[in-house]
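I have placed the structure first, in the form of C-alpha cells, so that the comments after it can refer back to it.
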Amino acid sequence: MLKTFRIGGIHPKENKFSAGKAIQPIAIPAQVVIPLAQHIGAPCQPVVKKGDKVKVGTLIGKTVGFVSANIHSSVSGTVLKIDKAFDSSGYKRDAVFVNVDGDEWEETIDRSEALVKECTLTSKEIIDKISAAGIVGMGGATFPAHVKLIPPPGTKAETLIINAVECEPYLTSDHQLMMEKTEEILIGTTILMKAINVNKAVIGIENNKKDAINKFTVAAKSYPGITVQPLKVQYPQGGEKQLIDAIIQRQVPSGTLPISVGVIVQNVGTAFAVYEAVQKNKPLVERVVTVTGKDVKNPCNVLSRVGIPLSNLIDFAGGLPETTGKIISGGPMMGKAIASVDIPVTKGTSGILIIPTLESKRERMNDCIRCTKCINVCPMGLNPTLLMNLTEYSEWDRAEKDRITDCIECGSCSYTCPSNRPLLDYIRLGKGKVMGIIRARKA
Amino acid sequence: MENKLIVSPSPHVHSGDSIEKNMYGVLIALIPAFLVAVYVFRLDALIITALSVLFCMGFEYLIAKYIMKKTPTIFDGSAIITGVLLAFNVPSNLPIWILAIGALFAIGVVKMSFGGLGNNIFNPAIAGRIFLLISFPAQMTTWPTPNVGATTDAITSATVLSHLKFSPEALPAIKDMFFGFEGGSIGEMSALALLIGLIYMLWKKIITWHIPISIIASVAVFTGILYLFNPTPIYNPLIHLFSGGLMLGAVFMATDYVTSPMTKSGMLIYGVSIGLITVAIRLWGAYPEGVSFAILLMNAFTPLINNYTTPKRFGEVVKNG
C-alpha cells in the first residue's frame, strides 16, 4: 500500500500531455515586463530608474518588510519605465519595463554547467543568500522561501519534506525538472537541510512519476539523510498539510504551521532554485513552465525568463488554438483564469493551461441534494455545503466555528458536486470575511 | 479572441458527476429486486411499478409547471426512484386509484410542497407508503401468494412478519426469505437481490456503507441479544434481517440523500436508531412491520443530527501512524 493523506481527496484525470518533453528555452523578446509583486507579501520597492543599465541578475526591486522577496532583472538592457501593468491577478500593478540589449549576466553568477557539490556556508549564510536571491515557493503559492526557513522562536524542525508531488492535472514542469536536474535538486535539498539544521529529508513523489522515483531513489543513495517516498496519486497531496500527513502520518493542528509537528516543506523547484542561488550565485530570474491543453499543438515544458509575455510561450507551443475558451495560469484545480495573454511570466507561473470553450463554462447549478460527496472529498474534514450556506446567509460566527478558515481552497468540493454548486466560490468569500473579522477582533 | 476569454474562479475542471448519474445509478441498483418482483408477481408487478413511476413523474411535471411555475426536471431520475420505491412498498394487487393517491401524496405533499428535490424533509416514497397504510389498511396488508410454482394467484396470504407476530408456527424457511419467495410487497421479496443493489451502489460510490450497514448490524445485534436470552423464532435475527421491508428500507429508503444525515457519525447514529426502532415496533408495537415508521421518524431527526455532528476534522488525529 502506497502512502497518502488520510482524509478526503479526489483523483481528477491527469492529462499530463507534456510529460517527458525536454525543457526548451524561450527566446528573449525585445522588451520584458517584470512585476514588483511576484510573491505573497509586500510588493518590492524599485531600486532602478528610467535609463538605468541592467544585467541579468541585477537587483531591481528590494524587499519591504520580512515577508517579501527581492526581484532581479531577468535580462540585460535599459530600464524603459516603471509603470503599472496587468499581471495574473487581473489588476494593474507596478512593474519594471526593460528594453532588451544582448544577454549580459552579472559577473558574480556562475553560468557553467559544472555541478558544485561542496557547501561550507553556515545556516545563516545560506538563508541570507536564499533571501538575497529572491526565492519563493515555486509550486505556485510563491511564499518567500527564506521566511519558512526561520522557524518562530521556541520551535525546532526535525524533518525537511521536499514537495515533488505535482498533484495538479496537466502540469509537468516539476516532473521534467526532476528528470533533468536530479543532482542539483539533491544538492539543493542538502543545503536546505543544513539551513534548518536537520539531518532528515524526505522527497515525496506521486506514483505517476515512476521514472522520477527510480532516478531519485538511486541518486539519493549518495546523499546522507535523504530518502524518497513514493505516494499514491491523490489530489490535493501537494497541499502542505496533506503531504505531511501522507509522509509522516501527523496532522498539523488547525491554525498552526507545519513546524508545530516539526516539519518544514519546500517545493522541489524551490530546492533547485536554492542550489542555483547558493552554489552558483544565481538569483531567481527564470523558471520552468508547462504550456499545455487538450487542443494545444505542441504541449511542452519551457524555460522562461521572468517578464516574458505568456503569448510568446503559447506561440512556442504552436499558438492559441481556435477552440480556446479559457486560459489558466497554473493548474486546473487551483490556477487562476487570466483575461489576457499579454501578462508576463512570474516566479509563480508553473503552467499555462489552455481550456477549450466547451469545457470552460460551468453547468447550470441545481439545489443541493445533500449527497455528502463534498464532505467525503474535503481534505480538511470540513462540510463545504454547510459553509456555502453559512456564507450565503452571512452567518459568520457559525462559519468560524465550523472552521471555514481551515479551507485550503483546493476545489475538490466544487469539482465533485453533482449539482454543480459553486461551493468554493462561496467558501472563499466567507473565509475572507471571517479572517477579516478575526483580524479586527485581535486588533 | 482576446475579449472572449472566460474568467472564473478555480477549480476549472469538474468531475462530470451529476444528479442524473447518481439517480440513474440507484435505478440500476434496483433492477435485481425488480426482476425478482416480476418473476414472483408476474405482470402485476410490472403494471404497478410502471404506473407508479408514471403517476410520480406526471404529478411532478404538473406541479412544477403549473403551480411552482418552474421548468420541470422530471427526467433527473428522482421522481422515477420515488415511483419505483412506492411501488416496491405496496402489494402487487393494490387498486390503481389507491396507488395514484399514494403518488400524489408522495410527490405533491412530501416532495414538491417543500420545494422539490433537495428540500424535502421526509422521504417521499416512505411517507407515501405510510399515508396509504394508514388510510387503506385493508388493501395495503393483503398480499397475493407468490406465484412461484403455484397455479393460482388469487389467494391472499400473510407475510412472514405477521406470522411472527400472530402465528409463529406457520413460519417459512429462512432460505426462502433470502431468495425471495415469501409473501409481501413488490420490492421486499428477495434480500439477495437488494444486497446486490447495495454492492453496486457502494462500488459506484453512490452511497457509503454507513447507513445500510449500521441498520442491518443494529437489527442483528439487538435481536441477537434477545435471542440469546430467549431462543424462540420471534427473536431470531435471521428472520428479522431477511423479512419484510428491512433490506429495502436499509439499502434504498434510509439512504436517500436528501433526508439522511450528512456526516459519517450522524449516519451511524441515524442507522443504529432506525435498527432499534424497527425491532421495537416489530416486537412490541401494534404493527407487524416497523421499518418505514423508523425511517420516517429518523428523517425528522436528521436536521438535528446534522446540527450536532461534524465531519472528522483534519488535525484532530494528530498522531496515530
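Read-outs: derived from the displayed coordinates by stated rules, not from any lab. Fair warning: this is a prediction, and the values are worked out from it, not measured in the lab. Glycine also receives a Cβ, built like all others from the backbone with ideal geometry; neighbour counts cover every protein chain displayed.
About its Cα centre, what dipole magnitude does region A:91-143 give when the only charges are +1 on Lys and Arg Cβ and -1 on Asp and Glu Cβ, stated in debye to the nearest 20? List each step's numbers first, then the result.
Values: 6 positive and 11 negative charges, 91 e Å.
Approximately 440 debye in magnitude.
Across the options A:Pro418, A:Gly381, A:Ile438, the greatest Cα extent toward the positive end of the charge dipole of region A:373-442 (unit charges at beta carbon of Lys, Arg, Asp, Glu) belongs to A:Ile438.
Using the number of other C-beta atoms within 10 angstrom as an exposure proxy, rank A:Lys215, A:Lys373, A:Lys92 with the fewest first.
Final ranking by Cβ density, sparse to dense: A:Lys92, A:Lys215, A:Lys373.
Test of understanding: ordering B:Leu30, B:Leu104, A:Leu115 by Cβ neighbours within 10 Å, fewest first, what list do you get? With the fewest neighbours first, B:Leu30, B:Leu104, A:Leu115 line up as A:Leu115, B:Leu104, B:Leu30. Bridging of A:Lys232 to aspartates and glutamates at a Cα separation below 18 Å is possible for A:Glu14, A:Glu166, A:Glu168, A:Asp174, A:Glu206, A:Asp211, A:Glu240, A:Asp245, once same-chain residues fewer than 8 apart are set aside.
For region B:1-146, the dipole from Cβ point charges (+1 on Lys and Arg, -1 on Asp and Glu) about the Cα centre works out to 220 debye, to the nearest 20. In plain terms, if you count all Cα to Cα distances in region A:305-443 and split them into 10 Å steps from zero, the share in each step is 11, 33, 28, 22, 7, 0 percent. Modelled this way, with points 7 Å down the Cα-to-C-beta line, the labels at B:Leu43 and B:Lys312 are 5.4 nm from one another. Of B:Asn93, B:Gly116, B:Met247, which is farthest towards the positive pole of chain B's charge dipole, taken about the Cα centre with +1 and -1 on the beta-carbons of Lys, Arg and Asp, Glu respectively? So the residue we want is B:Gly116. Close amide H contacts of A:Glu206 (hydrogens built in the peptide plane, cut-off under 5 Å, sequence separation of 5 or more or a different chain): A:Leu231.
Can you list the aspartates and glutamates whose alpha carbon sits under 19 Å from that of B:Lys69, skipping same-chain ones fewer than 8 residues off? B:Lys69 reaches A:Asp367, B:Glu60.
The loop-placed chymotrypsin sites (Phe, Trp or Tyr not before Pro) in region A:51-109, going by DSSP, that have at most 11 neighbouring Cβ atoms within 10 Å of their Cβ come out as A:Tyr91. Calculated FRET efficiency, A:Lys62 and A:Lys433, Cβ-Cβ r, R0 25 Å, to nearest 0.05? About 0.15, to the nearest 0.05. Straight-line reach from A:Lys55: which aspartates and glutamates fall under 19 Å, measuring Cα to Cα and dropping same-chain residues less than 8 apart? Leaving aside aspartates and glutamates fewer than 8 places away in the same chain, those within reach of A:Lys55 are A:Asp101, A:Asp103, A:Glu104, A:Glu106, A:Glu107, A:Asp110, A:Glu276, A:Glu286. Extension gain for the segment A:Asn420 to A:Ser340, taken as residue separation times 0.36 nm less the Cα-Cα distance, is 26.1 nm to one decimal. Overall, the protein assembly as shown carries a charge dipole of about 1200 debye about its Cα centre when +1 sits on the Cβ of Lys and Arg and -1 on the Cβ of Asp and Glu, all other atoms neutral. Summarised in one figure, the compactness ratio Rg/Rh of region B:20-308, Cα atoms and Kirkwood Rh, is 0.95. Fully extending the segment from A:Glu363 to A:Gln31 would add 115.5 nm, taking 0.36 nm per residue of separation and subtracting the current Cα-Cα distance.
Here the gap between B:Ile98 and B:Phe75, fully extended at 0.36 nm per residue and compared with their Cα-Cα distance, gives a gain of 5.9 nm. Binning the C-alpha pair distances of chain A at 10 Å intervals from 0 yields a P(r) profile of 4, 21, 31, 28, 13, 2, 0 %, listed from the shortest bin outward.
If I model the protein assembly as shown as equal point scatterers sitting on the Cα atoms and use the Debye formula, what is log10 I(q)/I(0) at q = 0.07, 0.08, 0.10 Å⁻¹? Debye intensities relative to I(0), on a log10 scale: -0.61, -0.74, -0.99.
A P(r) calculated from all alpha carbon pairs of region A:373-442, with 5 Å bins opening at zero, reads 3, 20, 32, 23, 14, 4, 2, 0 percent.
Mean residue ellipticity at 222 nm from the helices of the protein assembly as shown, using -39,500 (n - 2.57) per DSSP H segment of n ≥ 4 over the full residue count, to the nearest 500 deg cm²/dmol? Before the final figure, lay out each step's value.
Working: 27 runs with 296 residues, N = 764.
So the helix-based figure for the protein assembly as shown works out to -11500 deg cm²/dmol.
When cysteine pairs in chain A are screened for C-beta atoms closer than 4.7 angstrom, the residues that find no partner are A:Cys44, A:Cys119, A:Cys167, A:Cys300, A:Cys368, A:Cys371, A:Cys378, A:Cys407, A:Cys410, A:Cys417.
Of A:Lys148/A:Lys241; A:Lys181/A:Lys209; A:Lys148/B:Lys312; A:Lys241/A:Lys282; A:Lys156/A:Lys241; A:Lys21/A:Lys221, which sit over 22 Å apart, Cα to Cα? Don't skip to the answer; put the middle values down first.
Working: A:Lys148/A:Lys241 14 Å; A:Lys181/A:Lys209 15 Å; A:Lys148/B:Lys312 29 Å; A:Lys241/A:Lys282 30 Å; A:Lys156/A:Lys241 17 Å; A:Lys21/A:Lys221 26 Å.
In this structure, A:Lys148/B:Lys312; A:Lys241/A:Lys282; A:Lys21/A:Lys221 lie more than 22 Å apart at Cα.
By the count of neighbouring beta-carbon atoms within 10 Å, fewest first, A:Val263, B:Val109, B:Val53, A:Val291 end up ordered B:Val109, B:Val53, A:Val263, A:Val291. Sort out for me the Cα centre separation of region A:348-420 from region A:264-305, rounded to whole Å. A separation of 30 Å, based on Cα centres. Measuring max minus min along each principal axis, the C-alpha atoms of region A:184-291 give extents of 38, 33, 29 Å (largest first).
Cross-linked pairs A:Lys50/A:Lys294; A:Lys129/A:Lys401; A:Lys92/A:Lys361; A:Lys81/A:Lys433; A:Lys361/A:Lys431: Cα-Cα separations exceed 31 Å for A:Lys50/A:Lys294; A:Lys129/A:Lys401; A:Lys81/A:Lys433.
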